[in-house]
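Read the structure below first, then the notes.
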Amino acid sequence: MKSGKRLSLVTQGFVACAVLMAAFVSEAEGTGRSSQDVSRSENTDVGVTPVMLSLFTPVEVPWWHSAWDVSGVRFCLPYGSCRDLSGLDVGVVTHATSSCGLQISAVNLVDEDVRMTLSVGGLVNTVGGSYTGFEIGGLVNVVNNDAQALQVAGLVNVVDGSFTGAQVGFVNVTSQAKDAWQIGFWNQGEEFDHCGQVGVINFANDMNVGVQFGLINVIQNNEYPCIPIMNCHF
């Protein structure tokens, strides 16, 4: 009975090795194609899978398409890349073109938009497009476009576009904010509308309606730009 179990484990190991070898061979064959063929493959050879295991893209299961959309679960051990991800994304470094669901890894990378997602990055969450959801970053959260979110980071939160929600971190930075709060040591923004800042140093270039609580409070467009303890503009 025990020998049968050992044989079963050995068989499974051979199958796993065969899968990985096939992935390596597939990639080696792909590198021999012309750049024109590669471009065409990237545009047309796209598959959809409910489960993906990536050791280091393109060493992944399944492997028979040049690009994948994942609707289900993906494991990136340590790194994986796909196009659209809908579902659960777990690993060390996860990379997707767009995402919707739950991300849990050391580093979450999304090139374009993130929709209704909980992103838990042990180190970093970065989004190239817009973000809607809840970001928890051990060090840094960065959104390069608009965000409707709660951002919590051990070090820095950055939204480069319009922001609605709350930022909680040592340093919080946004370009434009409406109906938003920043809570941290240093809070900074260019344009605020119906917003609040709570920290040691608070800076707002232009605040339409809002309030600041902190040691140093600066509202550039205010009659008295710098006021300790509390500053506001209505």
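Taking strands (runs of 3 or more DSSP E) that do not extend beyond region 136-234, which have at least 2 residues that are more than 15 Å from THR126 (Cα to Cα)? Spell out how you get there, then give the answer.
Working: elements: 140-143, 147-153, 156-168, 171-207, 210-219, 226-233.
So the answer is 156-168, 171-207, 210-219, 226-233.
Selection of region 46-78 for residues being of a type outside the set (A, V, I, L, M), touching a Leu at 6+ places or on another chain (Cβ under 8 Å) and closer than 21 Å to ALA106 by Cα yields SER54, GLU60, GLY72, ARG74, PHE75, PRO78. Of the numbered criteria (1) modelled with pLDDT of 60 or more; (2) part of a loop (DSSP other than H, G, I, E, B), the one ARG33 fails is (1). From the list GLY154, GLY101, GLY129, the lone residue that is surrounded by fewer than 17 Cβ atoms within 10 Å (Cβ to Cβ) and touching a residue at least 12 places away in the same chain (Cβ under 8 Å) is GLY154.
Just give me the residues in region 57-76 being over 12 Å from ASP89 (Cβ atoms) and either without any contact (Cβ under 8 Å) to a residue 24 or more places away in the chain or loosely packed, with under 14 Cβ neighbours inside 10 Å (or both), in sequence order.
If we filter region 57-76 for residues that are over 12 Å from ASP89 (Cβ atoms), which is where we start, we get 57-69.
The answer is PRO62, TRP64, HIS65, TRP68, ASP69.
Counting the residues of region 168-185 that are crowded, with 24+ Cβ neighbours inside 10 Å and either more than 9 Å from VAL156 (Cα to Cα) or touching a helix residue (DSSP H, G or I) at 6+ places or on another chain (Cβ under 9 Å) (or both) gives 5.
The values are calculated or read from the model by the stated rules, or taken from the named source; none is laboratory data. Not measured: the values here are computed from a predicted model. No Cβ is skipped: glycine too gets one built from the backbone with ideal geometry, and neighbour counts run over all protein chains shown.
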